[in-house]
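See below for the structure under consideration.
The values are calculated or read from the model by the stated rules, or taken from the named source; none is laboratory data. What you see is a predicted model, and the numbers here were worked out from it, not measured in a lab. Heavy atoms of the whole protein, side chains included, go into the accessibility calculation; ligands, DNA and RNA do not. Shrake-Rupley method; radii C 1.70, N 1.55, O 1.52, S 1.80 Å.
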Amino acid sequence: MQRSSFPWIWIGLAAILLLMPGAAGRLLLDLLGGITLLLILLPLLAAGAGFLGWQVIRRRLKTCATCGTTSFGSELCPACGTPLEPRQQGWRAEDPGMIDPSQMTINVEAVDVEPSVESEQKPSA
């Protein structure tokens, strides 16, 4: 059984390239820096893409008003067959009991809670 030796020649060659102030050393350092940056940023980019993908999918999900089943991209509920309404965004004028916010006015009155310090001091004559 022959025992394999540790590749000292390759390690020495890599050390010389890293320490040598030439183009090959700079190229190797830039390559290692790029690989390191890729390994650090790749999981962050994948997480961001996954988050954006989930937000797009979540907006397209429809919930059945009858049974509560959530479905994706169908016009009928797959569980009970009820027609699904598109997801509503914001206020609708057809909702019973709802007040149209564009027709409302809010009146605000300003009231002093505590008397001011200046009004308590009377000027001396």
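Condition first: among the hydroxyl-bearing types (Ser, Thr, Tyr) and either open to solvent by less than 100 Å² (accessible area, probe 1.4 Å) or at pLDDT 85 or above (or both). Now tell me which residues in region 73-119 satisfy that.
Passing the criteria: 74, 82, 102, 116, 119.
Could you list, in sequence order, the residues of region 21-32 that are open to solvent by 100 Å² or more (accessible area, probe 1.4 Å) and not in a helix (DSSP H, G or I)?
Within region 21-32, 21 is the sole residue that qualifies.
Go through region 62-83 and give me each residue that's in a strand (DSSP E or B) and of a type in the set (A, V, I, L, M).
The answer is 76, and nothing else.
Please enumerate the residues belonging to region 32-90 that are over 25 Å from the mean Cα position of the chain (by Cα) and small (Gly, Ala, Ser).
Once the filter is applied, which keeps residues that are over 25 Å from the mean Cα position of the chain (by Cα) and small (Gly, Ala, Ser), region 32-90 yields 33, 34, 65, 68, 74, 79, 81.
Here's the yes/no breakdown for (1) open to solvent by less than 80 Å² (accessible area, probe 1.4 Å); (2) acidic (Asp, Glu); (3) more than 30 Å from residue 79 (Cα to Cα); (4) modelled with pLDDT of 85 or more:
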| residue | (1), (2), (3), (4) |
| --- | --- |
| 5 | no, no, yes, no |
| 11 | yes, no, yes, yes |
| 17 | yes, no, yes, no |
| 34 | yes, no, yes, yes |
| 38 | no, no, yes, yes |
| 44 | no, no, yes, yes |
| 54 | no, no, no, yes |
| 66 | no, no, no, no |
